[in-house]
1. Can you tell me which residue in segment 108-147 is modelled with the highest pLDDT, limited to those that are part of a strand (DSSP E or B) and among the small types (G, A, S)?
2. Would you confirm whether or not segment 46-57 contains a residue that is within 20 Å of E15 (Cβ to Cβ), at pLDDT 80 or above and touching a strand residue (DSSP E or B) at 6+ places or on another chain (Cβ under 8 Å)?
Amino acid sequence: MKIMVPVDGSKYSMEALKVAMDLAKMKSAEICVISVAPYIGGMNDHEISPARRERHMDTLEKYADEIVKKACDVLSAENISTSSCRTLLTSISVPDAIIDFAEKEKIDLIVMGSKGLSTSSRFKMGSVASQVVKYSPCSVYLVKITSE
């Protein structure tokens with residue numbers, strides 16, 4: 001069994017990683033950790049200069065790499081098998097990148113937080129989670145944090 005955990009550094013994604021670890025231990029599954037750094041290259045030069053856009057992309061990529069490394073270090077400390085740990089770049093959308101990766105890697109289950117880094121409490125489920133649930137090729141386990 002292959003379990004994918006998309007992480008973004010939020011408390012929701014880290015809680016999802018814990019749930020995925022428990023599932024992996026029970027099912028002898030391997031975990032694939034990804035983080036999607038959104039591509040902002042589509043902005044025109046009137047909105048942001050090319051140099052500034054490049055700096056923002058570098059910052060987003062480094063942040064995503066750090067999150068993936070942290071998650072994989074947690075898995076390694078628990079002796080949980082990982083099939084891959086990687087950062088993805090997307091020009092389309094974060095949900096599309098997650099769904100495309102799940103299809104390509106033949107993922108059996110996606111475990112993800114019900115929300116991400118957004119601070120809005122207006123919605124019960126984040127837009128990325130909503131789109132992944134709707135279009136995923138496999139089952140999706142959404143992890144909520146009940147203290148909120």
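1. S139
2. Among the residues of segment 46-57, not one is within 20 Å of E15 (Cβ to Cβ), at pLDDT 80 or above and touching a strand residue (DSSP E or B) at 6+ places or on another chain (Cβ under 8 Å), which makes the answer no.
The values are calculated or read from the model by the stated rules, or taken from the named source; none is laboratory data. Predicted model only: the values in this text are computed from it and were never measured. As a convention, Cβ positions derive from the backbone with ideal geometry for all residues, glycine included, and neighbour counts pool all protein chains shown.
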